[in-house]
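The values are calculated or read from the model by the stated rules, or taken from the named source; none is laboratory data. Since we're looking at a predicted model, the values are computed, not measured. Don't worry about glycine lacking a Cβ; one is built from the backbone with ideal geometry, like all the others, and counts go over all protein chains shown.
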Amino acid sequence: MAATAPAAENVEVMSQVKQQIALANAQEMLSKMTEKCFKKCIHKPGKTLDASEQRCISQCMDRFMDSWNLVSRTYGNRLQRDHYKGAADMAD
């Protein structure tokens with residue numbers, strides 16, 4: 001019975017670490033997206049955004065999110081492929 005408690009703790013710790021990593025990634029993405037889209041779309045900062053700035057920011061954010069998601073999926077697939085390849089190599 002004592003052997004299962006540390007295993008359950010490890011699962012909980014790993015879950016918390018994954019959540020923290022996901023949060024850090026989301027914060028990094030938001031920060032980079034804000035910086036890049038602001039530089040690209042806002043030429044004369046003021047109290048309000050005009051229609052063209054709003055459109056530019058919206059499109060910039062959409063493209064940034066699409067690119068971020070594509071890179072994340074590709075990286076995840078590559079890690080998974082390399083993990084399975086490494087496991088197969090160890091079995092040989």
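The figures follow:
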read-out	value
Qualifying residue in region 30-51 (condition: among the hydroxyl-bearing types (Ser, Thr, Tyr) and more than 17 Å from the chain's Cα centre (by Cα))	yes
All positions within region 33-69 that are surrounded by 10 or more Cβ atoms within 10 Å (Cβ to Cβ), of a type in the set (A, V, I, L, M, F, W, C), farther than 19 Å from Ile21 by Cβ and out of contact with any Lys or Arg (no Cβ under 8 Å at 6 or more places or on another chain)	Cys37, Phe38, Cys41, Ile42, Leu49, Ile57, Met61
Scope region 60-86; condition charged (D, E, K, R) and closer than 18 Å to Met33 by Cβ; matching residues	Asp62, Arg63, Asp66, Arg73
Test: residue in region 38-48 that is hydroxyl-bearing (Ser, Thr, Tyr) and not in a helix (DSSP H, G or I)	yes
Any hit, region 17-31, residues being in contact with a Pro (Cβ under 9 Å, 6 or more places away or on another chain) and either of a type in the set (A, V, I, L, M, F, W, C) or at pLDDT below 90 (or both)	no
